[in-house]
Amino acid sequence: AGWLADETPRLDSSVKGSAFEPTSPRATEPVVGPERTVDGFAKAFLDELNFEAGVALKRSTTTDQYLALARTIRGYLMADWLRTAERRRQNPTKMVGYLSAEYLLGRQMGNSLLATDLGDIAEQAMTSLGLDFNLLRAQEIEPGLGNGGLGRLAACFIDSLASMDVPSIGYGIRYEYGIFRQTFEEGRQVEVPDAWLSLGAPWEFPHPDRAVQVNFGGTTEQYIDGDGRTRRRWLPAWNVQGIPYHYMVPGYQNGVVNTLRLWSARATQEFDLKIFNSGDYAEAVRAQTFAENISKVLYPEDSTPQGRELRLQQQYFFVACSLKDFIDRTLEEDFDLTRLDERIIFQLNDTHPVIAIPEMMRLLMDEHDMEWAAAWEVTRKCFAYTCHTLLPEALEVWPVELMTRLLPRHMEIIYRINEEFLDTVREAFPGDELRVRRMSVIQEHPERAVRMANLATVAGVKVNGVAALHSELLRDKLLPDFAALWPNKFTNVTNGVTPRRFIRLANQQLSTLITDTIGPGWETDLERLRELEPYADDAAFTESFRQVKQANKDRLRSILSQRDGIELPEHAMLDVMVKRLHEYKRQTLKLLHIVSMYDDITSGRVRREDVVPRTFVFGAKAAPGYFMAKEIIFLINSVAKTIAQDPRVTDLMAVAFPANYNVTLANKLIPAADLSEQISLAGKEASGTGNMKFALNGALTIGTDDGANVEIRELVGDENFFLFGMLEPEVAALADRGYTPSSFYESNPALKRAIDLLASGHFTGGDRSLAAPVVDDLLYKDRFMALADFQSYLDAQARVDAAYRDVDGWTRSAVLNVARSGFFSSDRSMRDYLDRIWMPKS
Ligand code: GPU
């Protein structure tokens with residue numbers, strides 16, 4: 001009987017000791033990694049290749065070799081990983097649970113080599129075996145489990161948490177297909193599925209034995225429990241299981257390896273058993289496909305959720321798995337759940353995981369026997385909410401009809417949370433029913449729906465924006481009623497980026513120059529970059545700095561030539577705009593500048609010798625259903641092609657739009673840039689994080705007074721930043737007066753010429769209709785006021801040209817950008833979250 005029981009796979013990890021192995025003497029036995037020598041590495045590599053993959057070196061493919069190399073490197077991290085986990089378990093303290101539907105990790109190999117400081121050893125070992133190390137590294141398909149800024153921020157944060165040895169765990173979804181691969185056909189975006197797992201997945205550790213069950217659908221009912229209490233329970237209609245996949249999150253050379261736990265959906269045993277019981281094999285397999293769809297693909301909308309049922313299923317799926325996973329962990333130490341907040345703070349990365357709030361209530365009440373009041377008391381201490389937007393269309397709302405059908409018990413709980421909350425509002429603001437309606441978690445029009453941001457704000461200990469300006473606008477414009485009720489709930493944590501990936505890995509030459517100048521250690525103490533300030537006037541240093549920039553440009557030229565067949569001029573200012581394609585980010589404003597420059601040259605309005613040659617680089621994916629974004633991509637490609645074929649301008653300007661901008665390409669592009677374009681309409685970009693990466697790599701910013709640009713400019717100094725455009729209050733005032741873009745077109749000759757040339761069909765093979773969607777939108781709608789900021793932008797670009805002609809002045813500014821941007825390390829962001837939100841010293 002024992003044998004049979006052991007062979008039955010466990011469905012439910014609430015069985016004690018199955019989700020997390022109990023501590024035993026065995027668990028503390030020392031784990032010894034391979035020897036840290038070239039021979040030791042080569043031997044470990046051959047062991048992986050021969051004994052794990054079953055391939056002889058002589059017969060192995062590049063893929064075999066890449067996989068063996070990856071597995072060898074992770075072998076060196078293993079002892080630290082097990083030790084970190086054991087240390088945390090022996091000394092349970094409050095942890096950070098980062099809940100995020102997206103992690104835009106980027107390639108793992110380089111980061112793991114950096115964390116272990118094994119780069120040289122690995123390279124020599126591969127060379128000793130006659131293998132091309134860089135070719136193997138290039139095999140890795142980056143895990144693109146995120147759309148853009150929000151997902152990349154999550155990846156930077158977990159990197160910092162590990163590098164700072166903060167007890168923490170990241171929870172998310174293991175999408176089988178990440179963000180689509182972008183290709184261009186005749187200048188138009190075509191999406192290709194991102195089968196990132198197809199070559200094998202050497203960085204992940206599946207744990208099917210630790211599966212968790214997740215329920216959906218059905219109804220609820222009242223019943224009397226054993227103690228005679230009236231209670232409610234959920235009678236779900238169907239379920240799936242979540243299989244955890246563990247990823248190592250290595251700290252920077254500190255012996256710490258944290259865990260990222262991503263969930264993958266599988267059909268439950270119940271589905272499998274139906275295969276035998278019903279005899280309807282095909283139906284059972286179909287059901288399995290249905291279950292597995294839940295983690296099949298990342299939704300490619302950035303900041304504009306589409307409200308699809310599968311997306312709500314994804315959100316609940318990963319949140320339910322994660323909460324159960326964590327609660328089981330605390331139960332292992334016989335922890336009293338009424339004190340759960342002493343063990344965890346869950347950070348909600350935007351509204352995507354906010355369904356965790358009613359799920360926590362359900363777990364505590366329905367599964368752990370707590371009363372409403374006690375459950376609410378602890379739940380409201382376990383969550384904090386980060387908002388990443390100001391666009392009203394980006395705030396998620398879920399129709400009550402859908403919510404009731406998919407998660408009926410949660411809908412009941414949300415109603416009750418709302419009832420009690422609205423009582424509080426009525427008490428604080430008697431007779432103000434308009435306010436009550438505005439603040440309600442349930443919206444009535446255009447359809448009854450749950451406002452996830454309101455729910456998060458009601459339940460969260462804190463609500464934060466992601467840059468100083470954004471947090472202010474969030475408090476005063478997006479959620480002012482909540483700020484009036486709970487002024488102390490609102491706070492700011494300015495975003496940051498990890499210097500390990502975005503300086504050390506991306507810009508090795510600059511890193512060496514920095515270390516040679518100020519000594520080591522700046523990678524984990526980025527404010528130390530300040531020590532570079534005096535060198536802004538040091539001839540030898542600035543000469544080296546310029547050489548580094550030129551080397552990065554040369555490397556980029558060769559990458560774009562090989563990767564995309566794009567040939568770029570050797571000496572030109574490199575002007576870069578890389579980010580998701582979105583109207584509020586205003587790629588069209590950049591395009592108008594390019595067209596205007598082209599027009600000035602071709603019409604002879606400027607003398608050729610007065611032109612500062614520029615190379616413009618775009619990188620941007622459009623959400624597949626976002627019509628206007630795709631038209632803008634087409635128009636940029638059309639302009640790029642026309643310019644490349646016009647001998648009147650080819651020595652003075654070039655436009656490159658490499659397809660499939662991703663983390664890997666960002667790492668090559670950003671270090672090469674001279675000018676960083678951050679030109680969103682003021683009040684629309686919550687923060688931006690690309691802007692920080694550029695500044696830290698010595699690019700100057702041309703930007704609006706928006707998001708983190710505000711703080712970048714404050715730190716680097718006005719004279720090292722090209723500010724233009726309306727300020728947010730001016731934008732608001734213009735919107736109130738009524739904005740008519742055509743009046744700007746009529747009254748500004750340069751703008752009129754640029755738009756007329758675009759509209760003429762000059763860039764679209766003579767076909768005016770191809771440019772019309774973008775041009776007409778600009779002339780008659782222009783929701784993000786590109787025309788209103790056009791002249792100011794052109795003026796700022798003229799200042800850029802003048803500044804760039806002064807080589808020494810420009811280099812000085814670039815150095816100061818690096819020296820003064822240490823604030824934008826994600827380590828500092830994590831410190832701020834710890835001090836202000838996660839572990840405040842009350
Ligand atoms: N952001 Br909402 C996303 O990348 N995706 C989203 O769905 C939402 C916001 C971005 C903001 O647009 C950007 O300004 C910010 O820097 C980033 O999140 C990280 O906070």
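The values are calculated or read from the model by the stated rules, or taken from the named source; none is laboratory data. Everything numeric here is computed off the predicted structure, so don't read it as measured data. Cβ sites come from the backbone with ideal geometry, for glycine too, and all protein chains shown count toward neighbours.
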Determine whether the range 591-608 contains at least one residue that is in contact (Cβ under 8 Å) with a residue 24 or more places away in the chain and at positive phi. no
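Select from the range 452-467 the residues that are among the aliphatic types (A, V, I, L, M) and within 11 Å of the ligand (Cβ to nearest atom) and write down the one among them that is surrounded by the most Cβ atoms within 10 Å (Cβ to Cβ). Even if it seems obvious, please write down each step before you answer.
Looking only at the range 452-467, we keep the residues that are among the aliphatic types (A, V, I, L, M), and these are 452-453, 455-456, 458-459, 461, 463, 466-467.
Those left that are additionally within 11 Å of the ligand (Cβ to nearest atom): 453, 466-467.
Values: ALA453: 23, VAL466: 29, ALA467: 26.
Going through the qualifying residues, I end up with VAL466.
Away from the ligand (no atom under 15 Å from the Cβ), crowded, with 20+ Cβ neighbours inside 10 Å and not assigned by TED's automatic domain parsing to the domain that holds ALA201: is that true of THR84 in this structure? Lay out the reasoning, then the answer.
Working: away from the ligand (no atom under 15 Å from the Cβ): yes; crowded, with 20+ Cβ neighbours inside 10 Å: yes; not assigned by TED's automatic domain parsing to the domain that holds ALA201: yes.
Against the criterion (away from the ligand (no atom under 15 Å from the Cβ), crowded, with 20+ Cβ neighbours inside 10 Å and not assigned by TED's automatic domain parsing to the domain that holds ALA201), THR84 qualifies.
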Residues in the range 727-743: is at least one modelled with pLDDT of 95 or more, surrounded by 18 or more Cβ atoms within 10 Å (Cβ to Cβ) and under 30 Å from SER813 (Cα atoms)?
yes
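Being more than 29 Å from the chain's Cα centre (by Cα) and more than 16 Å from the ligand (Cβ to nearest atom): is that true of ILE442 here? If you could, list the steps in order and put the result at the bottom.
Details: more than 29 Å from the chain's Cα centre (by Cα): no; more than 16 Å from the ligand (Cβ to nearest atom): yes.
Answer is no for this residue.
Hey, does the range 673-681 have a residue that's hydroxyl-bearing (Ser, Thr, Tyr) and under 23 Å from GLN547 (Cα atoms)? Steps first, please.
Our first condition is that a residue be hydroxyl-bearing (Ser, Thr, Tyr); within the range 673-681, this holds for 676, 680.
This time we only want the ones that are under 23 Å from GLN547 (Cα atoms), so: 676.
Checking the range 673-681: at least one residue is hydroxyl-bearing (Ser, Thr, Tyr) and under 23 Å from GLN547 (Cα atoms).
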Among the residues of the range 104-114, is any surrounded by fewer than 18 Cβ atoms within 10 Å (Cβ to Cβ) and away from the ligand (no atom under 16 Å from the Cβ)? no
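Residues VAL710, VAL663, VAL655: which one is more than 16 Å from the ligand (Cβ to nearest atom), among the aliphatic types (A, V, I, L, M) and in the same structural domain as SER638 (by TED's automatic domain parsing)?
Details: VAL710 fails: more than 16 Å from the ligand (Cβ to nearest atom); VAL663 fails: more than 16 Å from the ligand (Cβ to nearest atom).
Checking each option against the conditions leaves just VAL655.
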Per the filter on the range 364-414, residues small (Gly, Ala, Ser), within 16 Å of the ligand (Cβ to nearest atom) and part of a helix (DSSP H, G or I) are ALA394
Flagged in the range 669-694 as away from the ligand (no atom under 14 Å from the Cβ), assigned to a loop (DSSP other than H, G, I, E, B) and charged (D, E, K, R), in numbering order, are ASP674
Filtering helices (runs of 4 or more DSSP H) wholly in the range 695-748 for at least 1 residues that are free of Cβ contacts under 8 Å to residues at least 60 places away in the same chain and more than 20 Å from LEU794 (Cα to Cα) gives 709-716, 728-737
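For (1) over 23 Å from the mean Cα position of the chain (by Cα); (2) among the hydroxyl-bearing types (Ser, Thr, Tyr), each residue gets a yes or a no:
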{"position": "ALA629", "(1), (2)": "no, no"}
{"position": "ASP646", "(1), (2)": "yes, no"}
{"position": "VAL649", "(1), (2)": "yes, no"}
{"position": "VAL663", "(1), (2)": "no, no"}
{"position": "SER680", "(1), (2)": "no, yes"}
{"position": "ASP706", "(1), (2)": "no, no"}
Just to be sure before I move on: is GLY698 away from the ligand (no atom under 12 Å from the Cβ) and at positive phi in the structure I sent?
yes
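Residue-by-condition table, conditions (1) buried (at least 20 other Cβ atoms within 10 Å of the Cβ); (2) in a helix (DSSP H, G or I); (3) out of contact with any strand residue (DSSP E or B) (no Cβ under 9 Å at 6 or more places or on another chain); (4) of a type in the set (Gly, Ala, Ser):
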position	(1), (2), (3), (4)
PRO773	no, yes, yes, no
ASP789	yes, yes, yes, no
LEU834	no, yes, no, no
SER842	no, no, yes, yes
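Matching residues to (1) touching a residue at least 24 places away in the same chain (Cβ under 8 Å); (2) more than 15 Å from the ligand (Cβ to nearest atom); (3) under 21 Å from the mean Cα position of the chain (by Cα); (4) part of a helix (DSSP H, G or I):
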site	(1), (2), (3), (4)
GLN306	yes, no, yes, no
TYR316	yes, yes, yes, yes
ASP325	yes, yes, no, yes
LEU340	yes, yes, no, yes
PRO353	yes, no, yes, no
MET361	yes, yes, no, yes
